[in-house]
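Here is the structure we will look at.
The values are calculated or read from the model by the stated rules, or taken from the named source; none is laboratory data. Here the structure is a predicted model, which means the values were calculated and not measured. As a convention, Cβ positions derive from the backbone with ideal geometry for all residues, glycine included, and neighbour counts pool all protein chains shown.
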Amino acid sequence: MSFREKSNLVILLSTLFTLGLHAAHALESGPRIAAFSTVLGATISFVVLAIIGHIMIAITGGRDADRSDERDLLVDRRTDRISEAALTAVVLGILAYGLAQDDVLLANIAFFGLFGATLVKALAKAVLYRMAA
Amino acid sequence: MRKAKSRLRNRVRELRFHAGEMTQAELADKVGVTRQTIAAIEKNKYAPSLETAFLIAEAFGKPIGEVFSFAPAEEA
């Protein structure tokens, strides 16, 4: 298994642990938990777990840690597309929730987030197409 | 929709054997890819870029056509 594959497993396990912990806390305290401290705590625990995991795999066999190749890029591109679709679905959900609850600020943040990302993508594509033309 | 099977074939495994039983890791180091990518190419699970294909051929001192071939449609 390559370093990047092991690294991905570390991220997967760290994410599952963090999400599980946060979900358990939310179930216990209700969805309106003290957002700042718990989200910050979850984020810090994720970063710490990921760092420890990466140190461990680097010590136990990080021979190719500094190497990534075209296959890694291809895998990255495909998985980015999947995560982009998931993120878009979540933001659309937030937009729908904001509109349903008449929460204009939330709805606008979701709206500008979606269209802002589309704008950035279109601009980047325009530049890249011209660079390769 | 199922992805069409690649028609690209290669003799990387055989050429490694004839090159003093060169390991996948040694070839990977020469080409600048990971050992897993060489393994995937050998199993026809991954079609390398043209540049990597040339680099593999160069590592064996062979023209690219002797390392990689394109199977006719009916064989794929």
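Can you say whether A:Ser83 is under 22 Å from the mean Cα position of the chain (by Cα), in the same structural domain as A:Thr15 (by TED's automatic domain parsing), assigned to a helix (DSSP H, G or I) and not aliphatic (A, V, I, L, M), as far as the supplied structure shows? Steps first, answer last, please.
Details: under 22 Å from the mean Cα position of the chain (by Cα): yes; in the same structural domain as A:Thr15 (by TED's automatic domain parsing): no; assigned to a helix (DSSP H, G or I): yes; not aliphatic (A, V, I, L, M): yes.
Taking the combined requirement at face value, the residue does not satisfy it.
Considering segment A:90-131 alone, what residues qualify as being surrounded by 14 or more Cβ atoms within 10 Å (Cβ to Cβ) and not hydrophobic (A, V, I, L, M, F, W, C)?
At the first step, the residues of segment A:90-131 found to be surrounded by 14 or more Cβ atoms within 10 Å (Cβ to Cβ) are A:91, A:94-95, A:98-99, A:103, A:106-107, A:109-111, A:113-114, A:117.
Hits for segment A:90-131 are A:Gly98, A:Asp103, A:Gly113.
With the structure loaded, tell me whether A:Val75 is among the hydrophobic types (A, V, I, L, M, F, W, C), within 17 Å of the chain's Cα centre (by Cα), in the same structural domain as A:His25 (by TED's automatic domain parsing) and surrounded by 10 or more Cβ atoms within 10 Å (Cβ to Cβ) or whether it fails that test.
On the way: among the hydrophobic types (A, V, I, L, M, F, W, C): yes; within 17 Å of the chain's Cα centre (by Cα): yes; in the same structural domain as A:His25 (by TED's automatic domain parsing): no; surrounded by 10 or more Cβ atoms within 10 Å (Cβ to Cβ): yes.
No; evaluated as a whole, the condition is false for this residue.
Residues that are free of Cβ contacts under 8 Å to residues at least 60 places away in the same chain and over 27 Å from A:Arg4 (Cα atoms): does segment B:19-32 have at least one? Outline the logic, then answer.
The initial filter retains those residues of segment B:19-32 that are free of Cβ contacts under 8 Å to residues at least 60 places away in the same chain, namely B:19-32.
Within this subset, residues satisfying the condition of being over 27 Å from A:Arg4 (Cα atoms) are B:19-20.
Yes; the residues of segment B:19-32 include at least one that is free of Cβ contacts under 8 Å to residues at least 60 places away in the same chain and over 27 Å from A:Arg4 (Cα atoms).
Return yes or no: is B:Ala47 closer than 20 Å to A:Arg4 by Cβ and surrounded by 14 or more Cβ atoms within 10 Å (Cβ to Cβ)? It would help to see each step written out before you state the result.
On the way: closer than 20 Å to A:Arg4 by Cβ: yes; surrounded by 14 or more Cβ atoms within 10 Å (Cβ to Cβ): yes.
Criteria met by B:Ala47.
Anything in segment B:50-73 that is surrounded by 15 or more Cβ atoms within 10 Å (Cβ to Cβ) and within 14 Å of chain A (Cβ to nearest Cβ)? List them, or say none.
Across segment B:50-73, the qualifying residues are B:Thr52, B:Ala53, B:Phe54, B:Leu55, B:Ile56.
List every residue pair whose Cβ atoms sit under 7 Å apart, with the two residues 6 or more apart in sequence or on different chains, where the first one lies in segment B:39-61 and is at positive phi and the second, anywhere, is part of a loop (DSSP other than H, G, I, E, B).
B:Asn44/B:Ser6
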